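A short worksheet on the structure shown next.
The values are calculated or read from the model by the stated rules, or taken from the named source; none is laboratory data. Just so it is clear, the model here is predicted, and its values are computed rather than measured. Cβ atoms come from the backbone with ideal geometry, glycine included; neighbour counts cover every protein chain shown. Heads up: the accessible areas ignore ligands, DNA and RNA and are worked out on the full protein's heavy atoms, side chains in. Shrake-Rupley method; radii C 1.70, N 1.55, O 1.52, S 1.80 Å.
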Amino acid sequence: MKILTFLIFGKNEEILLTLKRIIENTPNWNATIQYDLDACKKQLIDVPVDVLLLSSGLSPQEEREITDHLTRLTYPIGLIKHYGGGSGLLKNEVYSLFPDLLSV
């Protein structure tokens, strides 16, 4: 089974911890959390991930900066803007990026 790595970026600690728990309840899915824009950019350069998950609390400028930053990365990365809707919606968003996971 394919291993997926996520970087969750947002400002609400409680929500980010919940998202991390939901992600890591799926076998072979791992997540780290980042609260700071510059640290998030650096982590994306230093440690490639499969998915950047944007969560609540980000300013429009932070969202623009981080999505612009993704275009300069040297590896493919999925982007999910998840601002609520529950674990079912989150999993559907992931499966829409990686439809091959559904056939496993």
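Tabulated data for the structure shown
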{"item": "Pairs, first free of Cβ contacts under 8 Å to residues at least 40 places away in the same chain in segment 6-28, second among the charged types (D, E, K, R), C-beta under 7 Å, six or more apart", "result": "N28/K2"}
{"item": "Any hit, segment 58-76, residues being within 16 Å of L7 (Cα to Cα), without any contact (Cβ under 8 Å) to a residue 24 or more places away in the chain, of a type in the set (V, I, T) and open to solvent by less than 60 Å² (accessible area, probe 1.4 Å)", "result": "yes"}
{"item": "Qualifying positions in segment 37-57 - touching a strand residue (DSSP E or B) at 6+ places or on another chain (Cβ under 8 Å), surrounded by fewer than 20 Cβ atoms within 10 Å (Cβ to Cβ) and under 21 Å from L89 (Cα atoms)", "result": "D50"}
{"item": "Matching residues, segment 15-47, being under 26 Å from T74 (Cβ atoms) and hydroxyl-bearing (S, T, Y)", "result": "T32, Y35"}
{"item": "Filter result (among the hydroxyl-bearing types (S, T, Y) and touching a His at 6+ places or on another chain (Cβ under 8 Å)) within segment 47-81", "result": "S55"}
